[in-house]
Amino acid sequence: MKNNPIYHRKAGEGTMIFRFNVMKTIQAAAVLLKAESPHRLSRLRLLKLLYIADRSLLQQRARSITGDRPVAMDHGPVLTGTYELLKGEAYFSPQWEQYIQNEGRDAVLKSEPGVGELSRYEIAKLHEVAARFRDCNDWEVAEFTHTFPEWVKNQPKKGACKAIPIEDILSATGILELRDKLALDTEAEAAAARLFGAA
């Protein structure tokens, strides 16, 4: 198993145009978990904070922290690859579980994955989001994500899920005009990763 598995997702309805980086996602989750004592969060809260941070970075820097693909579910948008890792249903769940494990409804940080995949700005963004919602309970955080236009537009039937097209997120964050550039940048990064053996 590679230390830093990266998935490339092609552009299209319901997919991100970014590359899902599992190790970076683990490190981002760990930053959020370390912001709390004793390094645990409900899985619902962790998923929501990761989505909010990812979306905020996209809006401000036209970059994704995780590169993960979002879907709309009952309690708001969810990063689907991260959700599968948390449930233990992803191919790379064993790598996730080296660092983060489930205890009841909570995710608990068990070992330190470092922050080498994250930029200083991304770390600051994760800390900012954790601090912003510290005084909110889990359901208040979930309800906040119900205000996002991309979820409102794609709200699923109860108990179901629906893919959120990348165009809806880019439009909601005011950067739809950058879609083609983002796709080209991602293709270039994927080509470089293949050339150097990272993907």
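The values are calculated or read from the model by the stated rules, or taken from the named source; none is laboratory data. In this text the structure is predicted, and so the values were computed from the model without any measurement. Glycine gets a Cβ as well: all are built from the backbone with ideal geometry, and neighbour counts include every protein chain shown.
Could you list all residues from segment 174-199 that are among the hydrophobic types (A, V, I, L, M, F, W, C), modelled with pLDDT of 60 or more, out of contact with any Asp or Glu (no Cβ under 8 Å at 6 or more places or on another chain) and not in a loop (DSSP other than H, G, I, E, B)?
L178, L182, A183
For every residue, the table says whether it meets (1) touching a Cys at 6+ places or on another chain (Cβ under 7 Å); (2) surrounded by 19 or more Cβ atoms within 10 Å (Cβ to Cβ); (3) among the charged types (D, E, K, R).
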| position | (1), (2), (3) |
| --- | --- |
| Q60 | no, no, no |
| G104 | no, no, no |
| V108 | no, no, no |
| P113 | no, yes, no |
| E117 | no, no, yes |
| E122 | no, yes, yes |
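Residue-wise test of (1) over 13 Å from the mean Cα position of the chain (by Cα); (2) assigned to a loop (DSSP other than H, G, I, E, B).
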| residue | (1), (2) |
| --- | --- |
| Q59 | yes, no |
| S64 | no, yes |
| G81 | no, no |
| W96 | yes, no |
| P113 | yes, yes |
| E128 | yes, no |
| V141 | yes, no |
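Could you please find all residues in segment 171-180 being in contact (Cβ under 8 Å) with a residue 40 or more places away in the chain and under 15 Å from F18 (Cβ atoms)?
T173, I175, L178, R179
Tell me the residue from S93, S119, S171 that is at pLDDT 95 or above and closer than 21 Å to L49 by Cα, please.
Testing whether each residue is at pLDDT 95 or above and closer than 21 Å to L49 by Cα leaves just S119.
For the subset of segment 133-166 comprising residues that are surrounded by 14 or more Cβ atoms within 10 Å (Cβ to Cβ) and acidic (D, E), which member is farthest from L33 (Cα to Cα)?
Going through the qualifying residues, I end up with E150.
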